[in-house]
Amino acid sequence: MSKGMNIALWIVSALLAALFLFAGGMKLLHRPEMGAEFVKIGFPAWFSTFIGVCEVLGGIALLVSRVRALGAACLSVIMVGAVYTTVIHQPAQQAAVPLICFALLVWISYARFNESRA
């Protein structure tokens with residue numbers, strides 16, 4: 001892998017890690033409000049806590065070299081659910097952010113898994 005590609009992967013990983021640490025932290029710190037948002041769209045309130053924990057752990061994993069590819073793969077699964085939920089319950093154009101995050105996570109996961117094989 002080229003040096004430029006490696007730098008780009010690090011930058012994107014760090015930005016996504018910050019995004020997921022913030023989003024997951026908000027779900028964990030403001031649990032009653034976030035739980036109510038999840039209930040409003042048809043999920044149980046505890047699902048907010050579960051997603052928050054997954055996002056925080058995934059954000060940390062994006063910063064750790066040995067598990068970065070796995071963390072990106074796991075977070076991409078969460079983003080599939082986020083895209084679906086957004087398209088179903090909100091205007092479809094609001095799904096752009098989770099869709100872009102999904103694409104970046106798949107790119108990171110693919111590049112890092114291939115890097116570990118080499």
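Of the numbered conditions (1) farther than 20 Å from Ala18 by Cβ; (2) at pLDDT 95 or above; (3) not small (Gly, Ala, Ser), Tyr84 satisfies every one except a single condition; which is it? (2) is the only condition that Tyr84 fails. Meeting the requirement of 1 or more residues that are within 10 Å of the chain's Cα centre (by Cα) and touching a residue at least 60 places away in the same chain (Cβ under 8 Å), the helices (runs of 4 or more DSSP H) wholly within the stretch 14-118 are 96-117. Residue selection: Ala17 satisfies the criterion of being out of contact with any strand residue (DSSP E or B) (no Cβ under 7 Å at 6 or more places or on another chain), under 27 Å from Ser116 (Cβ atoms) and crowded, with 18+ Cβ neighbours inside 10 Å.
Within the stretch 27-46, the residues that satisfy the criterion of being closer than 19 Å to Met79 by Cβ and exposed (fewer than 15 other Cβ atoms within 10 Å of the Cβ) are Glu37, Ile41, Gly42.
The values are calculated or read from the model by the stated rules, or taken from the named source; none is laboratory data. What you are looking at is a predicted structure, and each value in this text was computed from that prediction instead of being measured. With ideal geometry, Cβ positions are generated from the backbone for all residues, glycine too; neighbour counts draw on all protein chains shown.
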